[in-house]
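The values are calculated or read from the model by the stated rules, or taken from the named source; none is laboratory data. It should be emphasised that the depicted structure is a prediction, and the values quoted were computed from it without experimental measurement. Every residue, glycine among them, receives a Cβ derived from its backbone with ideal geometry; neighbour counts consider all protein chains shown. Heads up: the accessible areas ignore ligands, DNA and RNA and are worked out on the full protein's heavy atoms, side chains in. Shrake-Rupley method; radii C 1.70, N 1.55, O 1.52, S 1.80 Å.
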Amino acid sequence: MKLKEVDRTAMQAWSPAQQHPIYLATGTSAQQLDATFSTSASLEIFELDLSDPSLDMKSCATFSSSHRYHKLIWGPHSMTSGERVSGVLIAGGENGNVILYDPAKIIAGDTEVIIAQKDKHTGPVRALDVNMFQTNLVASGANESEIYIWDLNNFATPMTPGVKTQPLEDISCIAWNRQVQHILASASPSGRATVWDLRKNEPIIKVSDHNNRMHCSGLAWHPDVATQMVLASEDDRLPVIQMWDLRFASSPLRVLESHARGILAIAWSMADPELLLSCGKDAKILCSNPNTGEVLYELPTNTQWCFDIQWCPRNPAVLSAASFDGRISVYSIMGGSTDGLRQKQVDQLSSSFGNLDPFGTGQPLPPLQLPQQTAPQSVVLPLKKPPKWIRRPVGASFSFGGKLVTFENAKSQQQPGIEQQQQRHHVYVSQVVTEKEFLARSNQLQEAVQSEGFVSYCQKKIDMAQADFEKNVWAFLKVNFEEDSRVKYLELLGYRKDDLRKKYFFLFCWFFYGIFSLLKAPTESDESVPNEGDEGQATEEQFLGERVKDHKQETEDLGSAKKTFNISVSGDVDGLITQALLTGNFESAVDLCLHDNRMADAIILAIAGGQELLSRTQEKYFAKMQSKITRLITAVVTKNWKEIVQSCDLQNWREALAAVLTYARPDEFTALCDLLGNRLESEGDSLLQTQACLCYICAGNVEKLVACWTKAQDGNSPLSLQ
């Protein structure tokens, strides 16, 4: 699928794998003209931004050059991690010159971007390659069998791999071996390839096709096998890719015949040895498996030929292709939809004549009417097999019951000359037991779940628990599976109704005991004291007699009061209250009672005045009265338990939770328990933090319960986590 494109008639070079973000450098191609017939040349750097959905690539910098290029590569020499852009751009020019550019200075806009240049070669430099083991070594090839080895640290004097091959011919391709650093290969259009050993400074083997129709246009070493290489032929009579093994150099190991016409360029993926790109004069870009010859992917292209094709070193799924129609296209071999691919709106050839009619009328040309696309948008299929970089070499996964499933993709050892056989893959299933006690407890839990014996399971946990916190947690969890859970939560917090009744009874007994003691106290008015018993009995009888007499008098007074009473309308507070009541103005009567601090009268009158007046009176009462339990009484009357939960002292969290358990409605109960738990959990006191678990149990919030409970456990112990 096409990702990006650049309208340039240029050679191309990707930034090294260490470089991020990814850049693509382009240099004006030699012996080619674009649609404008421009004779200028430039070196330009583009950034690959795949987050941008458009096809256009962002141009980061342009350097006007006096050279056109036959070859362009970007080497990682002198790269540092601190720099945004680094490495060296190496260009092969038309006049035998090799030029070194600093890409960092190009992007910075400097005018002095050339590091060094030499015109040592004869004729154009069509072949360049960087040694991946010693990145300061660059090999170049030109006419008359010239091959030079350049040291970027000492660029003045190049070396040669040996004596020139005879007869003298052009060097069209050159490549360093991917496994052995001192091995170099070169190829010529005649079809002959030479392998050089730089330690011996001589060629060690020559490879050529016997029919002499192998016009070599591409050369690449196998990424993994040091003795294997491929050669591509641009001859339309023999459009093949030959795979050679130097141990059996008498004939090709394998021949790929997927193209209908001559092949112009090849590129072997360093990330997957089973991916070989090729482009030819049949306007096809193919991705083949060189081991089997199978075409794994065909890129959707136009009818134009591509003369250069390269893999992106950093993103192995991305490649670029330069075509003779003046365009560099960036593709992905992972497939996708072609929706969003824009259609060119400019006729490049007519732009050479400007906007005027080329036949001399001087009138502007009408806008170009492009036909509407009627074919449905297609989906580009990906590779027929997953590429190596997304295949896992090994894998393991645990399943329930202690099962361990593993697999491995062992590297197959293929013998040269033998067809690759279907590789078998094995999946292994094994039983793993590391925590016997853990499994026993898990089985107990599973049995409890199946039999729904949750109460007995929790009780066992309570009996086995050693810490108070653990006992409390399991006790609260047990209540979830019992009836009247709120009442039992209150009991766990220490609030039992029977205990409260006993406390009330004890209080009243103590009160009456005090009164009885007072009644039995002797009086000093007794003059004769026959003995202690007689004196105490006389005193008690006298006292009781006086109390009966006083009670009788009070009863008579009350009876007489019931018969008649005085309605006072004087100017004092009582009179004003009377006038307000006589006129039915309860609100004024209540205000007068509050002003006179007669709270009980105010509440009684407010009840007679209606619910609204009663609510306002209660608010005024609570605002005026301040005691230890005023806020609790306020919450009970107004049913505002959120205020209690939010503002209570966390040392009284039990009392706050008990109030919520007693009074909160079902629709607000969970939220209030969560709120109290959050306050406890956010407190710095570790003891209070653990008590938040009890609030989450009451709320039924399993997620917060587990998160809070885990903080109090040993995270490295499977038993505690179970």
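Pick from Ala41, Ala116, Ala30: which is in contact (Cβ under 8 Å) with a residue 12 or more places away in the chain, more than 30 Å from Trp305 (Cβ to Cβ) and surrounded by fewer than 21 Cβ atoms within 10 Å (Cβ to Cβ)?
Only one candidate qualifies: Ala116.
Can you go through Thr160, Thr135, Thr165, Thr111 and tell me which one is touching a residue at least 60 places away in the same chain (Cβ under 8 Å) and among the hydroxyl-bearing types (Ser, Thr, Tyr)?
Within the list Thr160, Thr135, Thr165, Thr111, the selection yields Thr135.
Any chance you could count how many residues in the range 226-285 are outside any loop (DSSP other than H, G, I, E, B) and touching a helix residue (DSSP H, G or I) at 6+ places or on another chain (Cβ under 8 Å)?
Counting residues in the range 226-285 that are outside any loop (DSSP other than H, G, I, E, B) and touching a helix residue (DSSP H, G or I) at 6+ places or on another chain (Cβ under 8 Å) gives 2.
In the range 161-194, which residues are buried (at least 19 other Cβ atoms within 10 Å of the Cβ) and at positive phi?
Once the filter is applied, which keeps residues that are buried (at least 19 other Cβ atoms within 10 Å of the Cβ) and at positive phi, the range 161-194 yields only Gly191.
Can you name the number of the only condition in (1) modelled with pLDDT of 70 or more; (2) of a type in the set (Val, Ile, Thr); (3) surrounded by fewer than 12 Cβ atoms within 10 Å (Cβ to Cβ) that Thr617 fails?
(3)
Looking only at residues in the range 17-32 that are of a type outside the set (Val, Ile, Thr), part of a strand (DSSP E or B) and within 21 Å of Arg126 (Cβ to Cβ), which one is nearest to the chain's Cα centre (by Cα)?
So the residue we want is Leu24.
Residue-by-condition table, conditions (1) modelled with pLDDT of 95 or more; (2) open to solvent by 60 Å² or more (accessible area, probe 1.4 Å); (3) in a strand (DSSP E or B):
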| residue | (1), (2), (3) |
| --- | --- |
| Ser64 | no, yes, yes |
| Ser78 | no, yes, no |
| Arg84 | no, yes, no |
| Lys105 | no, yes, no |
| Glu112 | no, yes, no |
| Asp129 | yes, no, yes |
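Are there any pairs, at least 6 apart or on different chains, whose C-beta atoms fall under 8 Å, with the first in the range 598-621 and among the hydrophobic types (A, V, I, L, M, F, W, C) and the second modelled with pLDDT under 80 and part of a loop (DSSP other than H, G, I, E, B), and if so, which?
Once the first residue is among the hydrophobic types (A, V, I, L, M, F, W, C) and sits in the range 598-621, its partners that are modelled with pLDDT under 80 and part of a loop (DSSP other than H, G, I, E, B) give Met599/Met625.
In the range 567-604, which residues are within 24 Å of Asn640 (Cα to Cα) and either polar (S, T, N, Q) or open to solvent by 30 Å² or more (accessible area, probe 1.4 Å) (or both)?
Result: Ala600, Ile603, Ile604.
Has the range 275-296 got any residue that is open to solvent by 40 Å² or more (accessible area, probe 1.4 Å), in contact with a strand residue (DSSP E or B) (Cβ under 6 Å, 6 or more places away or on another chain), at pLDDT 90 or above and under 27 Å from Gly27 (Cβ atoms)?
No, there is no match, as no residue in the range 275-296 is open to solvent by 40 Å² or more (accessible area, probe 1.4 Å), in contact with a strand residue (DSSP E or B) (Cβ under 6 Å, 6 or more places away or on another chain), at pLDDT 90 or above and under 27 Å from Gly27 (Cβ atoms).
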